[in-house]
Amino acid sequence: MNGNLCRCGTYGRIVKAVERASELSAMEVKGKEAEGEKKEREKTHTLNRWVKLGEDGNIIVVLNKSEMGQGVSTALPQIIAEEMDADWELVSFEPSPATEEYNDPAIGFMETGGSTSIRNMFEELKKAGAEARTKILKAASVVFNTSAEKLRTEGGRVFYGKESIGYGELAELASQQRVEEKEYDVREIYAKDLQRKDLEEKVNGRAVFGIDVHIPEAVYATVIRAPAYGAELISYEDESALRISDGIALLGDSIEDVWKARDKVKAKWSKSPAIDEEAIEKELERALENSETYMERGEIKGKVLLEARYRTQYLSHAPMEPMNCVVWVKEDKCFVWAPTQAQTDAIETVRKATGIRDVELHTTYLGGGFGRRLKNDYIKEAAEISMKIRKPVKILWTREEDIAYDFYRPGALIEMKAHSHSTEPGIECRIAVQSVHEEGTERDVDPATVAGISDTLYDIKNMRIETGRVSIPLRTGPWRSVGHSNNAFFIESFIDEVAYALHRDPLEYRLLLLKDERAKNVLRKVAEISDWGKDVNKAQGIAFHHSFGSYCAEVAEVSVTDHIEVKRMFAVIDCGKTVNRGVIKQQVEGAIIMGLSVALLERVSFSGLQNFDSYKILRIKDSPHIEVFIMESNESPGGVGEPALPPVAPAVANAIFRAVGIRLRELPFKLESYK
């Protein structure tokens with residue numbers, strides 16, 4: 001591979017083929033069935049709001065979380081399937097309506113983010129599966145004229161002695177049963193590596209992402225937005241264009257037509273402060289110098305043993321599928337088809353844009369999310385346009401727009417000092433970083449600013465943290481692992497430096513500072529599977545981080561010549577009870593790849609538009625061998641999608657130090673600045 005996104009020139013033909021295959025009528029967009037190929041299903045019966053049972057034995061699990069590649073369309077149905085003792089081949093899923101009935105019970109609204117899908121839905125779906133199985137057993141007891149206690153289930157059938165009956169044959173009768181929670185026959189969940197439920201249709205091309213949705217009556221739209229943050233539209237020369245809150249909308253019969261038309265529109269905008277790397281650097285320095293105490297424990301005293309400054313850059317989410325959606329505003333109801341992570345917010349966004357309360361949202365597959373699709377600005381644009389023309393509107397951003405108008409992971413500047421006195425070292429740090437939860441506003445300290453440092457599991461009795469308010473007119477938002485993506489690099493690099501300053505092995509020093517046994521165990525295990533320290537010719541670095549309820553330790557093995565090559569990555573995760581270990585392994589691998597991309601390549605440039613030629617991401621040819629070990633645990637489930645990303649950059653940085661004896665304290669790493 002040469003790293004190009006497309007070498008063969010077939011991309012245009014592929015797009016047209018996909019469009020033809022996925023042309024769906026407005027009321028048939030279900031995320032699974034192409035026009036003319038909709039599967040005929042046997043009559044289904046509702047056992048509870050999460051489970052439908054067909055008379056043919058098929059089980060449909062209703063999914064209230066967005067599938068964006070992380071595997072919730074497998075793991076969540078698997079919880080129910082194992083509780084029901086179902087035949088996995090007969091289990092499928094469908095997106096839930098975006099209604100209050102399907103809100104995440106832990107947060108009270110419908111959203112996918114923060115590595116919460118399994119954590120928040122585990123017990124709810126265990127009970128739903130147990131309730132469904134209990135109803136099936138009750139129905140079977142009527143058929144066999146015996147007590148439910150004398151029956152057993154296996155693979156989607158109920159057995160009574162030598163007789164058996166399929167779940168499907170009991171569907172209607174089971175749906176009529178009434179059971180109380182105390183009657184639920186709750187089983188233990190034993191993790192199995194079952195095949196993903198979204199795999200087949202993603203391979204055969206039948207999976208419908210937001211970009212694939214086609215409504216025959218739809219018009220295409222693009223929006224000319226402000227060239228700089230804070231700029232206001234003064235005037236424009238195009239009578240056919242529509243004024244909306246975020247800019248000027250152009251309409252056409254194809255996306256290519258509106259993209260071409262955009263280049264011809266002359267618009268005048270007010271001036272706004274220039275944002276470039278130099279302005280950002282100055283503001284971070286100013287904020288750091290004016291930092292205020294966030295927390296303090298113990299006493300910071302004694303001479304300074306070590307001090308260091310670390311820097312990270314602004315990052316784009318850069319999902320493979322750019323922002324897009326279809327919105328159809330009718331007289332008294334709105335229909336939305338969108339790849340969104342935040343359904344409740346999407347509905348409220350459309351209500352505010354149109355003034356119409358009745359909004360029906362269909363969630364499609366997401367071609368990547370990483371937190372970007374927690375923001376529904378693209379849906380707002382389409383809703384405003386459709387409100388004006390009363391036709392279905394399909395909006396599709398270009399890659400350049402996707403990066404330029406992103407809600408960035410903010411870059412940060414931190415200064416850390418280690419003080420040496422008696423037996424208890426002290427650490428102080430000053431952090432300057434823009435908030436991710438309220439763009440550029442004055443407020444109390446955003447928890448993401450200090451996440452992973454203020455709540456570190458290292459037993460540092462003497463610690464002071466100061467934070468500086470950063471005022472930069474850039475849109476920011478949650479990005480995979482949020483504040484941990486910055487702060488793990490800072491604290492794990494610094495702990496490593498302190499260990500060397502004290503002439504201690506980095507692994508031993510971490511174990512000395514930790515009291516939590518689960519944390520110690522993942523470190524010991526990653527040292528074991530990586531042969532930590534056994535070969536002096538291997539440049540290895542180690543890092544540990546606790547986030548989203550999970551423990552993750554990693555070892556990087558690198559070689560450094562005129563460039564940095566990450567040869568192998570080892571990861572151990574303790575995420576509590578597991579559901580599908582194959583999906584967990586995939587998520588850890590994916591997080592490591594994304595973490596390496598950030599460590600070695602990624603940064604937003606504010607000097608011009610970017611596509612993947614200039615906003616560089618890790619290519620397949622540069623991906624290392626990755627080995628993942630999942631700890632056995634009976635603890636409550638922790639997150640999986642994000643915890644493996646934060647330790648990546650510090651593990652690589654610490655390995656580089658072992659290789660060539662220099663500390664790289666800025667991401668992405670630049671060897672030339674140290675030569």
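The values are calculated or read from the model by the stated rules, or taken from the named source; none is laboratory data. From a predicted model like this one, the values you see are computed outputs, not experimental measurements. Note that each Cβ is placed from the backbone with ideal geometry, even for glycine, and that neighbours are counted across all protein chains shown. Note: accessible area is taken over every heavy atom of the protein model, side chains too, but ligands, DNA and RNA are not part of it. Shrake-Rupley method; radii C 1.70, N 1.55, O 1.52, S 1.80 Å.
Tabulated results
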{"item": "Residues of the stretch 354-387 satisfying the condition of being among the basic types (Lys, Arg) and more than 12 Å from residue 339 (Cα to Cα)", "result": "357, 380"}
{"item": "Residue tally, condition open to solvent by 70 Å² or more (accessible area, probe 1.4 Å) and either assigned to a helix (DSSP H, G or I) or more than 19 Å from residue 617 (Cβ to Cβ) (or both), over the stretch 666-675", "result": "4"}
{"item": "Candidate set: the stretch 482-512, residues that are within 15 Å of residue 552 (Cα to Cα) and aliphatic (A, V, I, L, M); chosen: the one most open to solvent (accessible area, probe 1.4 Å)", "result": "511"}
{"item": "Matching option when the condition is among the basic types (Lys, Arg) and under 30 Å from residue 52 (Cβ atoms), among 243, 262, 178", "result": "178"}
{"item": "Cβ-Cβ under 8 Å pairs, at least 6 apart or on other chains, the stretch 267-289 side more than 16 Å from residue 467 (Cα to Cα), far side among the polar types (S, T, N, Q) and open to solvent by 70 Å² or more (accessible area, probe 1.4 Å)", "result": "276/607; 277/607"}
{"item": "The stretch 526-552: number of residues that are in contact (Cβ under 8 Å) with a residue 60 or more places away in the chain and in contact with a Leu (Cβ under 6 Å, 6 or more places away or on another chain)", "result": "3"}
{"item": "Residue satisfying condition, being under 25 Å from residue 63 (Cβ atoms), at pLDDT 95 or above and open to solvent by less than 10 Å² (accessible area, probe 1.4 Å), within set 374, 315, 366", "result": "366"}
{"item": "Answer residue from the stretch 526-538, given it is buried (at least 18 other Cβ atoms within 10 Å of the Cβ) and of a type outside the set (S, T, N, Q) and is farthest from the chain's Cα centre (by Cα) among those", "result": "538"}
{"item": "Considering residues of the stretch 284-318 that are touching a helix residue (DSSP H, G or I) at 6+ places or on another chain (Cβ under 6 Å) and outside any strand (DSSP E or B) only, the residue farthest from residue 382 (Cα to Cα)", "result": "312"}
{"item": "In the stretch 249-274, residue most open to solvent (accessible area, probe 1.4 Å) [restricted to those that are in a strand (DSSP E or B) and over 20 Å from residue 392 (Cβ atoms)]", "result": "268"}
{"item": "Close pairs (8 angstrom Cβ cut-off, 6 or more residues apart or separate chains): free of Cβ contacts under 8 Å to residues at least 24 places away in the same chain in the stretch 504-525, open to solvent by 50 Å² or more (accessible area, probe 1.4 Å) and of a type in the set (Lys, Arg) anywhere", "result": "511/524; 512/504"}
{"item": "Lone qualifier among 354, 349 - being open to solvent by 20 Å² or more (accessible area, probe 1.4 Å) and of a type in the set (Val, Ile, Thr)", "result": "349"}
{"item": "Residues that are among the hydroxyl-bearing types (Ser, Thr, Tyr) and assigned to a loop (DSSP other than H, G, I, E, B), drawn from the stretch 217-241", "result": "229, 240"}
{"item": "So residue 158, is it over 28 Å from residue 335 (Cβ atoms), touching a helix residue (DSSP H, G or I) at 6+ places or on another chain (Cβ under 8 Å) and surrounded by 19 or more Cβ atoms within 10 Å (Cβ to Cβ)", "result": "yes"}
{"item": "Residue check for residue 315: under 25 Å from the mean Cα position of the chain (by Cα) and of a type in the set (A, V, I, L, M, F, W, C)", "result": "yes"}
{"item": "Which listed residue, of 131, 82, 111, is surrounded by 17 or more Cβ atoms within 10 Å (Cβ to Cβ) and touching an Asp or Glu at 6+ places or on another chain (Cβ under 7 Å)", "result": "111"}
{"item": "Total residues in the stretch 176-208, condition acidic (Asp, Glu) and loosely packed, with under 14 Cβ neighbours inside 10 Å", "result": "5"}
{"item": "Of all residues in the stretch 423-442 being within 18 Å of residue 286 (Cβ to Cβ) and part of a loop (DSSP other than H, G, I, E, B), the one that is modelled with the lowest pLDDT", "result": "440"}
{"item": "Subset of the stretch 602-637 that is farther than 30 Å from residue 577 by Cβ and in contact with a Phe, Trp or Tyr (Cβ under 9 Å, 6 or more places away or on another chain) - its residue that is modelled with the lowest pLDDT", "result": "606"}
{"item": "Scope the stretch 456-480; condition within 22 Å of the chain's Cα centre (by Cα) and open to solvent by 40 Å² or more (accessible area, probe 1.4 Å); matching residues", "result": "475"}
{"item": "Residue match in the stretch 349-359 (condition: over 21 Å from residue 316 (Cβ atoms) and small (Gly, Ala, Ser))", "result": "yes"}
{"item": "Residue list for the stretch 651-674, filter: charged (D, E, K, R) and free of Cβ contacts under 8 Å to residues at least 40 places away in the same chain", "result": "670, 672"}
{"item": "Within the stretch 337-375, considering residues that are among the polar types (S, T, N, Q) and assigned to a helix (DSSP H, G or I), the one farthest from the chain's Cα centre (by Cα)", "result": "354"}
{"item": "Set 579, 588, 583: member being closer than 25 Å to residue 490 by Cα, of a type in the set (A, V, I, L, M) and touching a residue at least 40 places away in the same chain (Cβ under 8 Å)", "result": "588"}
{"item": "Criterion: in contact with a Ser or Thr (Cβ under 8 Å, 6 or more places away or on another chain), part of a loop (DSSP other than H, G, I, E, B) and open to solvent by 10 Å² or more (accessible area, probe 1.4 Å) - qualifying residue of 567, 577", "result": "577"}
{"item": "So residue 356, is it of a type in the set (Val, Ile, Thr), out of contact with any Cys (no Cβ under 8 Å at 6 or more places or on another chain), modelled with pLDDT of 95 or more and farther than 18 Å from residue 407 by Cα", "result": "no"}
{"item": "Count of the stretch 321-336 residues which are part of a loop (DSSP other than H, G, I, E, B) and closer than 18 Å to residue 402 by Cβ", "result": "3"}
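Conditions (1) aliphatic (A, V, I, L, M); (2) crowded, with 22+ Cβ neighbours inside 10 Å, marked per residue:
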{"position": "597", "(1), (2)": "no, no"}
{"position": "611", "(1), (2)": "no, no"}
{"position": "631", "(1), (2)": "yes, no"}
{"position": "642", "(1), (2)": "no, yes"}
{"position": "652", "(1), (2)": "yes, yes"}
{"position": "657", "(1), (2)": "no, no"}
